[in-house]
Amino acid sequence: MDAFLTATGLVALAEMGDKTQLLALLLATRYKKPWPIVWGILLATLLNHALAGALGTWVTTVMGPDTLKWILVAGFVVMGVWTFFPDKQVDTSVQTGRWGVFLVTVVVFFLAEMGDKTQLATVAIAAQYQNFVAVVLGSTLGMMVANAPVVFYGERLTRNLPLALLRSVAGVLFLLFAVWIALG
């Protein structure tokens with residue numbers, strides 16, 4: 001349960017103001033079809049974070065515990081610092097064509113999430129906890145907690161939520177997690 005809750009909380013907070021959250025907002029305002037967008041985000045995130053979780057659990061088979069520990073510490077420090085800086089907007093000029101909003105969302109969201117801090121956090125959390133299913137489900141839930149409301153209520157939420165404060169809280173949590181790993 002720790003792996004699931006950690007993944008959910010850290011990813012949800014890290015996603016606040018992230019480029020993929022901005023992408024969710026832009027897709028929602030452009031296509032005005034929230035359900036296909038939400039389902040597309042869910043599928044893209046499951047696929048993306050399953051790859052990240054697999055990498056995170058695999059990496060522990062090729063690295064010793066001490067090496068892995070310090071790589072995780074460095075990774076969480078980098079993610080913590082990275083979280084303090086807002087992401088830039090992403091391009092949503094992709095036309096839906098015959099694929100529809102759902103498949104456009106899956107492809108664009110999957111690609112936007114590649115190398116993103118939430119994907120890297122999933123790798124690190126999976127390496128830390130060695131619980132692929134709990135981490136992938138938790139990080140996916142964290143992404144949905146952060147993105148689904150944006151799809152449905154985006155314009156209103158972005159005016160009322162203090163995104164800079166949420167980014168700061170997420171950054172501090174990543175840094176505290178690094179300290180916890182270093183001391184543990």
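Looking across region 101-133 at every residue that is in contact with a Gly (Cβ under 9 Å, 6 or more places away or on another chain) and of a type in the set (Gly, Ala, Ser), the one that is nearest to GLY64 (Cα to Cα) is identified as ALA127. Within region 10-50, being within 13 Å of TYR153 (Cα to Cα) and either of a type in the set (Gly, Ala, Ser) or without any contact (Cβ under 8 Å) to a residue 40 or more places away in the chain (or both) holds for ALA24, ALA28, LYS32, TRP35.
Within region 18-72, the set of residues being open to solvent by 20 Å² or more (accessible area, probe 1.4 Å) and outside any helix (DSSP H, G or I) comprises LYS32, LYS33, MET63, GLY64.
The values are calculated or read from the model by the stated rules, or taken from the named source; none is laboratory data. All figures in this text were calculated on a predicted structure; none of them were measured in a lab. In this analysis, Cβ positions are derived from the backbone assuming ideal geometry, glycine residues included, and neighbour counts consider all displayed protein chains. The area values use the complete protein model at the heavy-atom level, side chains included, leaving out ligands, DNA and RNA. Shrake-Rupley method; radii C 1.70, N 1.55, O 1.52, S 1.80 Å.
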